[in-house]
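Working notes for the structure below.
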Amino acid sequence: TVVATGTMCDTSSFAINSATYGAEDGMLFVALSNGVVQAFDAATLQSLWIYHDPLGGQPNCPLTYYKGYVYTGFWNQEDLDAKYVCLSATDEKTDSGSEEKLARWTYTSKGGFYWAGAYVCDDYLLVGTDDGKDQYFSNTASLLCLDPSTGAVLARWDGLAGDVRCSIARDKSTGLFYFTSKGGYLYSAAVEEGANGWAITQRRTCRLSNGSNNDSTPPMSTCTPVIYGGRAYVGVSGASQFGAYSGHNITVIDLSAWKIAYSVPTQGYPQTSGILTTAYEKTTGYVYVYFVDNYTPGKLRVLQDKAGQTRADYVTEESGVDTPYVLFTPSGKDAQYAICSPVVDSYGVMYFKNDSAKLMAFGPSVTLEITRQPDKTQYRAGEVFDPAGMQVDLVYANGLR
């Protein structure tokens with residue numbers, strides 16, 4: 001049911017990220033073509049303000065909302081400048097839905113920011129950059145540590161291999177940060193304050209693998225790492241990004257040993273982050289991590305894993321190899337590439353979208369249960385059924401209704 005509609009001031013272009021909700025302000029923030037961010041009232045979808053970046057660019061980055069401010073970046077070309085910006089969510093001119101928003105601060109980087117999602121806290125902001133070169137594995141990308149109030153550089157880690165095109169993930173249990181690169185690495189670091197200010201410390205680098213052993217076809221990853229139980233789960237590209245079974249895989253990294261525990265081949269590149277559930281861990285010891293292939297038909301897969309595991313044990317055989325178990329395969333016109341992280345609701349229903357422009361749902365089996373009979377239960381031949389008073393519940397296999 002459509003409860004509200006709003007008018008965007010431009011097209012969505014390459015903005016494949018969802019809108020971001022700012023709970024404190026009751027607003028939705030949407031990235032649009034040519035370096036535009038538009039704010040809407042979340043309840044009515046009335047436009048509140050619009051930001052136009054002076055350098056423009058594709059709006060590929062997630063919009064991060066933190067305590068009344070929105071942070072995002074833009075991208076022009078591999079070797080051109082683009083900005084990362086901080087915007088106040090406040091609607092300063094309530095009588096206009098198209099007022100021109102000014103940035104609180106901007107930071108300009110050669111190569112710009114592409115799928116680069118930030119981690120933000122009171123003291124600092126962490127975000128990765130592109131490498132500023134026309135290839136994707138030059139050792140010229142950076143992890144920036146910026147002041148969230150001013151945009152001033154507090155610290156930086158330079159010399160990273162290839163574009164950093166993922167969000168920065170934080171392990172709550174250790175405080176460490178993790179991210180991947182198109183140069184084929186998983187990175188880890190801490191951010192600490194010392195006598196000379198903030199510093200990026202405890203830097204570690206783990207080489208991923210796609211079996212090619214060729215520097216010109218590195219095991220690139222744009223996948224935001226899923227971190228849990230001392231393990232990281234990432235999607236890795238094969239030697240041919242759009243070639244089936246060319247080395248694409250889901251990799252499990254043992255963070256304590258800081259090495260690959262095992263990898264499982266996939267048909268296509270699992271290019272975005274997965275989602276992990278602990279719902280069965282207490283009874284079985286396993287967690288389950290769900291990924292989608294960015295390759296037609298765009299299969300939804302699940303990896304079953306537990307501490308100490310060194311190979312996949314819940315698989316589907318495809319083209320003579322064992323792959324992570326396939327839960328769902330779109331077919332016909334619904335089969336397409338899928339650059340989408342799955343999300344799940346409280347009933348255990350999983351949602352994802354793909355290039356077919358379809359939203360798909362996959363979840364537990366359901367039954368219909370009549371919990372209240374209709375008021376009219378006796379009929380003569382030819383009478384039309386009257387459902388008045390009847391209640392039918394949808395009951396999921398997990399017992400929820």
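The values are calculated or read from the model by the stated rules, or taken from the named source; none is laboratory data. Nothing here was measured: the structure is a model prediction, and the numbers come from that model. Positions of Cβ are generated from backbone atoms using ideal geometry, with glycine treated the same way; all protein chains shown enter the neighbour counts. Note: areas computed on protein heavy atoms with side chains; ligands, DNA, RNA excluded. Shrake-Rupley method; radii C 1.70, N 1.55, O 1.52, S 1.80 Å.
Would you pick out the residues in the stretch 111-144 that are surrounded by 23 or more Cβ atoms within 10 Å (Cβ to Cβ) and not aliphatic (A, V, I, L, M)?
Passing the criteria: Gly111, Gly112, Phe113, Tyr114, Trp115, Gly117, Gly128, Thr129, Asp130, Asp131.
Could you list, in sequence order, all residues of the stretch 360-380 that are in a loop (DSSP other than H, G, I, E, B) and not small (Gly, Ala, Ser)?
Within the stretch 360-380, Pro364, Gln373, Pro374, Asp375, Lys376, Thr377, Gln378, Tyr379, Arg380 meet the criteria.
Could you check the stretch 238-350 for strands (runs of 3 or more DSSP E) lying wholly inside it with 1 or more residues that are loosely packed, with under 15 Cβ neighbours inside 10 Å and of a type outside the set (Phe, Trp, Tyr)?
So the answer is 259-265, 315-318, 321-328.
Which residue out of Thr150, Thr222, Thr201 is over 27 Å from Ser341 (Cβ atoms) and in contact with a Lys or Arg (Cβ under 9 Å, 6 or more places away or on another chain)?
Thr150
In the stretch 55-84, what residues are surrounded by fewer than 24 Cβ atoms within 10 Å (Cβ to Cβ) and of a type in the set (A, V, I, L, M, F, W, C)?
Result: Leu55, Leu80.
Restricting the first residue to the stretch 81-97 and requiring it to be outside any strand (DSSP E or B), which pairs with a second residue that is surrounded by 22 or more Cβ atoms within 10 Å (Cβ to Cβ) and of a type in the set (Phe, Trp, Tyr) meet a Cβ separation below 7 Å and a spacing of at least six or different chains?
Asp91/Trp49
Can you list the strands (runs of 3 or more DSSP E) lying wholly within the stretch 1-54 that have 2 or more residues being open to solvent by less than 20 Å² (accessible area, probe 1.4 Å) and in contact (Cβ under 8 Å) with a residue 60 or more places away in the chain?
27-32, 36-41
Looking only at the stretch 158-185, filter to residues that are assigned to a strand (DSSP E or B) and of a type in the set (Gly, Ala, Ser); which one of those is most open to solvent (accessible area, probe 1.4 Å)?
Selected residue: Gly159.
Output the residues belonging to the stretch 31-60 that are over 21 Å from the mean Cα position of the chain (by Cα) and on the phi > 0 side of the Ramachandran plot.
Asn34, Leu45, Gly56
Please tell me if Leu394 is in a loop (DSSP other than H, G, I, E, B), surrounded by 10 or more Cβ atoms within 10 Å (Cβ to Cβ) and modelled with pLDDT under 95.
Here the answer is no, as Leu394 does not meet what is asked.
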